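**Q** Got a structure here, written out as structure tokens. Questions coming.
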Amino acid sequence: MYEVIIIGGGPAGAAAAVYTARKRLKTLLIAEEFGGQSIVSADVQNWIGEPHISGYDLAQKLERHVRSFSDIVDVRLPEKAVAVSKEGCDEETGVCYPPGVYIFKVATDKGVYLAKTVIFAAGARRKKLGIPGEKEYDGKGVSYCSTCDAPLFQDKAVAVIGGGNAGLEAAVDLLPYAKKIYLLEFSSAIKGDPVTKEKIEKSAKAAIVFNAETKEIFGDKFVSGLKYNDRVSREEKKLDIQGIFVEIGSVPNTEMLKGLVDMDEWGHIKIDSKYATTSCAGFFAAGDATDDPFKQNNIAVGDAVKAALSASEYILKGAKVTKAII
């Protein structure tokens, strides 16, 4: 029986573990790897306190910090959480808990664990184009985070795939750096915010390409171009570029939580951002898996600290009730 189980090894999961350790809560951290989505970034420039750090080095620092509390934090790595459920009664003793108090059962690909609370920080995964060259050039010109990687493309020509808000914001992020930005939209109209769209249209650096179906990414050691089909003329076209930002959305890794907590239509966990609480007592969440609108490492860390402190308060209050019943 753990006091806290943390699911996820990105910045949010690591921050939660550091704070539960400092509160001397017996903690289990389950993750496939440390680092989160930023692990593929060659140069992260917005991690506070580090003007430049690679995603790999950031992951190493996160892991070292968490493992420095090995006396109180168990790390299971690599291990994948596959299901989370709540139990109202102890299966062995038959003792039931007070209304609204649960014991959580977390099943993984290697075992089953119990805890008084859960902090869910499993993040999200970027939607992929699924075309030739995308996997080969991931981190070699193909990026999924303009906020992280825009400065790497100083004076280079780039393409942004996707005309929703994510794509528009990526193009804006690139305006101070890239010499040319092609915004490729699959349909005949931009779906994103009109104000942001207008800003891009006014820039001499940017060009919006409608009805563009991206077909292939090519290059040598790094990206040198892409091919796309004009969905109206059926003509295949090429762009000579050195960077590609895929901005067609992301999917939160919350499939295992259906029926446990309230989520929005896209599968993001609804949280009270003041305390990182969810609709399920004792279940807290932080990072890209939540409905927080700002998907950033530094924000995920702050929310995870709130989750850890809230979990600590919950356990302190709940422990008195449980002890009284026993």
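We did not get these values from a lab; they are worked out from the coordinates using the rules stated. Just so we're clear, the structure is a prediction, and the values are computed from it rather than from any experiment. Cβ coordinates were reconstructed from backbone atoms using ideal geometry, including for glycine residues, and neighbour counts include every protein chain displayed.
**Q** Taking the chain as a Gaussian network, where each spring joins two C-alpha atoms under 10 Å apart, which residue of V160, V305, V232 fluctuates the most?
**A** Per the Cα network of the chain with a 10 Å cutoff, V232 tops the list.
**Q** Give K110/K306; K180/K227; K270/K317 a once-over and call out the pairs whose C-alpha atoms are over 21 Å from each other.
**A** Beyond 21 Å between Cα atoms: K110/K306; K270/K317.
**Q** Could you check what % of the DSSP bridge pairs in segment 148-253 are antiparallel, to the nearest 5?
**A** Close to 50 percent.
**Q** Of all DSSP beta bridges located in segment 219-320, what percent are antiparallel, nearest 5?
**A** Counting DSSP beta bridges with both partners in segment 219-320, the antiparallel share is about 90 percent.
**Q** Given the convex hull of the Cα atoms of segment 96-185, what is a quarter of its surface area in nm²?
**A** Averaged projected area of segment 96-185's Cα convex hull equals 9.9 nm².
**Q** Let me ask something else. Report Rg (one decimal) and Dmax (nearest whole number) for the chain, counting Cα atoms only, units Å.
**A** 22.2, 74
**Q** Give me the net charge for the shell around A311: Cβ to Cβ below 14 angstrom, other residues only, Lys and Arg +1, Asp and Glu -1.
**A** Residues close to A311 contribute a combined charge of +3.
**Q** With a/c under 1.5 counting as rounded, go ahead and sort segment 128-246 into rounded, prolate or oblate using the C-alpha gyration tensor (a ≥ b ≥ c being the square roots of the eigenvalues; past the cut-off, prolate if a/b is larger than b/c, else oblate).
**A** It is oblate, given that a/c is not under 1.5 and a/b is not larger than b/c.
**Q** In debye, nearest 20: dipole of segment 128-246 around its Cα centre with unit charges on the Cβ of K, R (+) and D, E (-)?
**A** Computed about the Cα centre, the dipole is about 140 debye.
**Q** Report, for the chain, the % of DSSP beta bridges that are antiparallel, rounded to 5.
**A** 50 percent
**Q** Distance between the C-alpha centers of segment 238-284 and segment 56-79? Whole Å please.
**A** Between the Cα centres of segment 238-284 and segment 56-79 lies a distance of 23 Å.
**Q** By its C-alpha gyration tensor, with a ≥ b ≥ c as the square roots of the eigenvalues, how is segment 228-326 shaped: rounded for a/c under 1.5, else prolate for a/b larger than b/c, else oblate?
**A** prolate
**Q** Would you kindly derive the ³J(HN,Hα) couplings of segment 59-69 from the backbone phi angles with the Karplus curve 6.51 cos²θ - 1.76 cosθ + 1.60 (θ = phi - 60°), listing them in order in whole Hz, with x for Gly and Pro?
**A** Per-residue couplings from phi come out as 4, 4, 5, 4, 5, 4, 5, 5, 5, 5, 10 Hz.
**Q** Shifting gears a bit: Tell me the mean residue ellipticity at 222 nm calculated for the chain from its helices only (DSSP H runs of n ≥ 4, each -39500 (n - 2.57), averaged over every residue, nearest 500).
**A** -7500 deg cm²/dmol
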